[in-house]
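The numbers here are math on the coordinates, done by the rules we state, and not lab data. A quick note: this is a predicted structure, and the numbers were derived from the prediction, not measured. Every residue, glycine among them, receives a Cβ derived from its backbone with ideal geometry; neighbour counts consider all protein chains shown.
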Amino acid sequence: MFDQMNVSDKHFSMVLIRRLCRPELIEEIEGNLIEYRQSLNSKKTSFKSLRYLLEVFSYLRPSTLKIFSKNSNKGPMFILKPLQTFRTLFKHGTSSLINILGFTIGLMCIFFLYFYIGQELSYDSFHRDRDKIYRVLRVSTINGTKYDIGVTSGPYAGALLQDFENTIQSACRAMPDDGLVSFEDKRFMEDEILFADENFFQFFDFKLVSGDPESVLGSPNSLVISETLAEKYFGGDNPLGKTIHIRQNEEYPFIISGVFRDSEEIRSHLAFELVGNIEFYDSRRWFHNWWSNGLITYVKIDSRIEAAGIEQQFPSFMDKYFGDDFKRSGNRINLKLEPMGETYFNNQTRYDFAKHGDYNSIRILGLVGIAILFIACFNYVNLAMAFSFKRAKEVGVRKVLGVTRSRLITQFVGESFLVLIVSFVVAGIMSELLRPAFNSFFQLDVTFKWMDIRVGYFIAGLMVALLLFSSLYPAALMSSFRPLSVLNGRKITFGKNMVLRKGLVIMQFTISIFMIAATLLIASQLDFVRNKDLGFRKNAILIVSNNNSDIRQNVENFKAELLTSPHVLDVSSMSGEPGGFHDATTIQIPGVEKLIRMRTAFSDYNYLRTLGITLTVGSNFEKELLSEENAAIIINESGLNELGLTREEIIGREVTMPGWEINGKIVGISEDFHFSSLRDRIEPLIMVHTSDYHRQYAIALHSENLLEGMNHVEETWTRFSPTFPIQYKFLDDALYQLYENEVKQNKVFSAFSGVSIFLACLGILGLVSYSAKQRQKELGIRKILGASVAQIISLVSKEYLVLISAAAVLAIPACWYFIDGWLESFAYRIEINAYWYLFLYGGIVSAMVALLTIALRTYKSAIISPTESIKYE
Amino acid sequence: MSFVHNSYKIETNNMKGTNLGEFEELVLLVVLILQEQAYVLNIKDEIYSQVKRSITMGALHPTLTRLEKKGYLDSELSGATKERGGRRKRIYQLTAAGKNALIEVREMRAGLWKQIPEFALKLVHV
């Protein structure tokens, strides 16, 4: 239809030609095009409109375009401009280099941060139904504060589907597990096994390389593995149909029915390498128990409104299934729906298997990136303005020759554009080259995907923003020079502009001082965290996980065997090591009205001794007194305070733990120790002497003979559990791992504060070299009058010292405020007032670096003999 | 201001050489063949049908302009037709200088051809 068109006067091609081409050519060109189009209509060719367009656009060339015409006042300028631009850049080599270097470094940081942040924000975004998927969370309260729990139990999914059948479209459960996976002679401990409902690959959009999403988990013993694992276990062979064994307490055979893709692009809060059918647990009693929470339940709901409606009905839903239990324990639990998009950044959820990112870190990184760009832009503006004196004559001459102001602005913006283009290209190449170094330094795994269209938009947008920001003002300023005043040799004065330039320098140093001080303070907090006395022994303690039945059946023998070595001081088994897992439960004490929620530790008799925890009142657990009916219990001081009893009253009191069906008697009170991270206040803790629920061994080694001790532990382990490899970590390392995010933040701050101070000094270097040249004569006369080199240097430096002091005045309160907020996430933190001097350090370091830069540059001018410097008029 | 531009114009005119490029020669020959029908669209079609070279009108424009500048072509606007939307077309015509240039090229070539030893052009079968 379009292929048979006639070209009318208003057709865009005609308008285009009329607008852009020289007036004397328009009639002929239009005629040619119309006739061409007519002749195309009569021919039997394909792509007629395309051919026509080709003709139209090929007509737009210098020989036909108006702006290239000699009668246009833009023609010669248009052709010469790029040449002029290059020439100017080369002429002002130092400042161009400083500009390009500044932008390049700034852009490298930005690129890295952009891709990293993009990667973090893209978690879970590949699912088609990402906006419809919700995670079911339980909401509980511990002594007045609400918290979310990530795990639910098996029956929830079915009950939810049944009770909300109109709104919940589908549900999917996933249970993280681990086990020893073996195929022929290959045997590895895998801790990213997921047992999920049959519809897992339909519910989510994890991509299957082989296998059909509908049926891949169809049979109870089917197993889907990742591409990585397929390679690991089968090399190049086709894994489909192969039998693989997963060993937990017993060995279970699985047949591989599919392979899923686990490339870097697939980022999910669910981490798994193997997926089996959840029916695997069908024979276990706990799987059908409402209270055995251990798996994640997801539901799909069409709209947010419907989800909110369901949430309102949750209390009655819970009453229906838990009514009696709630009455008995006196504690309610509610449910809520967490949109899957929020899961990754919601790291406040407890008992959570999901992988989390830290939104706060991302925000800080974004701000740091913007700050660095600002510094680079300020450099450019500053230098451009400093050099505007030099170009005043050029501007004057151009204006006399009739160049309009708008063309001058275009010229100056064009120069900035060239600088930016060069910087973008260099930064792109450099960041790609330095990526491995970046990644290993920040312990990240960032990939750069330049080919994404959004990256294109981002870069284009960034380019435009930088161009406007850095070049518009200097261009407007320079183009405003009046030819008469610049050409007759009078000095141009910039009263107002000096203020702006100084303002920019102050801003740059404010950012630098802020970052340096923040780095120092964050490092101090991390130091504090690392060195704080936690109330237990954390050095030379080996944590070994009690992860298989061979070892579980021989706990006592294993421990006894460990103790035979002189390098092993003490051994204890427990539910969770300090910093690890401490379940919460409600306890009841006859005679105490209120129900208290406490965190729990189940352990053997040696818990306090191995970890060096101090007992304040009462007696420790004794090996001989292990009793399943009447367990010995020790609580911490916080627990005591929460109960509101005196020390004397509490010893010997009966305790029941309804959730665990444990009855016991309090035998002692321990000092408070930090069994969770220093972010949380010490909570009430109940330590129960049991023989069950022990997941970890804590082995205190002789710190002088660590290696021998470890060897002994490993040998003993191999003797008791030949098939399962040992999994161990050191307690102090594991505790420090709790602050992984903060350690990363500290690295980011230290690296970027280095970059920021470097960039700021680059700017100062440019300014000083310029003013040293400007003041050459003045400095020469000063020398004649007897000024020493040192005096001259200090004269020039003084100016900048004032600016840096002003920057410090601005930066210190801002940093104080920021760090105060940052520290708030720690319940135990450094006293910021006691570290006031670190803020000063920030200022002093910046000042020193800046002064050094200035001195080096000024020295060059100061040593020139006055006869040289004042020779020329 | 006009001073600046005039000097530029003169300079560029002088800068154009007078020798004939291969494509220019082709265009001149086609214009001669077409006679009164020598306008861009026809030149384009003729070049395609004679030597199978597909050229856009836009690409022809600078060549034609250049030949005019060198003084080998002359042109005038005429012949508005309906299928051209009432627009006139630019008909090109060879000037005496243009014809001379073509003849010169042909003679120069012929002279060169004559000097080639006969055996040099024979295909050698080894």
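What to note about this one:
- Relative contact order %, the stretch A:541-735, counting alpha carbon pairs below 8 Å whose residues are six or more apart: 36
- Too-long pairs where the Cα-Cα distance tops 27 Å, listed order kept, from A:K146/A:K747; A:K594/A:K665; A:K300/A:K320: A:K146/A:K747
- FRET efficiency estimate (nearest 0.05) - Cβ-Cβ, A:E831 to A:E799, R0 41 angstrom: 0.65
- Taking A:W816, B:W113, A:W717 and counting other C-beta atoms within 10 Å, the order from fewest to most: B:W113, A:W816, A:W717
- The stretch A:732-768 and the stretch A:313-347 have Cα centres separated by 42 Å.
- Of the chymotrypsin sites (Phe, Trp or Tyr not before Pro) found in the stretch A:242-329, the ones in coil according to DSSP and having at most 13 other Cβ atoms within 10 Å of their Cβ are A:W291.
- Rg over Rh [alpha-carbon atoms, Kirkwood Rh] for the stretch A:806-863: 1.22
- Calculated FRET value between A:R332 and A:Q553, using beta carbons and R₀ = 45 Å, to 0.05: 0.70
- Between A:Y147 and A:D129, the contour length at 0.36 nm per residue exceeds the alpha carbon distance by 3.8 nm.
- Counting every other Cβ atom within 10 Å of each residue's Cβ, B:I43, A:I513 order from fewest to most as B:I43, A:I513.
- Binned Cα-Cα distance frequencies in the protein assembly as shown - 10 Å width, integer %: 2, 8, 12, 14, 14, 12, 11, 10, 8, 5, 2, 1, 0
- Translational D in µm²/s for the stretch B:14-112 (Stokes-Einstein at 20 °C, 1.002 mPa s, Kirkwood Rh from C-alpha pairs): 152
- Proportion of all alpha-carbon pairs of the stretch A:506-604 beyond 15 Å (%): 78
- DSSP-defined antiparallel bridges as percent of all bridges, the protein assembly as shown, nearest 5: 80
- Between the residues A:G323, A:V400, A:L20, the greatest Cα displacement towards the positive end of the dipole of chain A, with unit charges on the Cβ of Lys, Arg, Asp and Glu, is found for A:V400.
- When the alpha carbon coordinates of the stretch A:300-391 are projected onto the principal axes, the ranges are 86, 28, 20 Å, largest first.
- Size-normalised alpha-carbon gyration radius of the stretch A:541-735, reference 2.2 N^0.38 Å: 1.04
- Working from label points 7 Å from Cα in the Cα-to-Cβ sense, the A:Q774 to A:Y359 distance is 4.8 nm.
- Under the criterion of Cα pairs below 8 Å and six or more residues apart, the relative contact order for the stretch A:467-605 equals 11 percent.
- Aspartates and glutamates with Cα under 17 Å of A:K43, excluding same-chain neighbours fewer than 8 positions away: A:D3, A:E35, A:E55, B:D45, B:E46, B:E83
- P(r) tail fraction, the stretch A:738-838 - alpha-carbon pairs more than 24 Å apart, %: 48
- Reciprocal mean inverse distance between Cα atoms of the stretch A:117-203 - Kirkwood radius, Å: 16.3
- R0 of 51 Å, Cβ-Cβ distance A:D445-A:R695: FRET efficiency to nearest 0.05: 0.95
- Spherically averaged projected area in nm², based on the convex hull that wraps the Cα atoms of the stretch A:133-343: 13.0
- When A:H702, A:H694, A:H674 are sorted by how many other C-beta atoms sit within 10 angstrom of their C-beta, beginning with the fewest, the order is A:H702, A:H694, A:H674.
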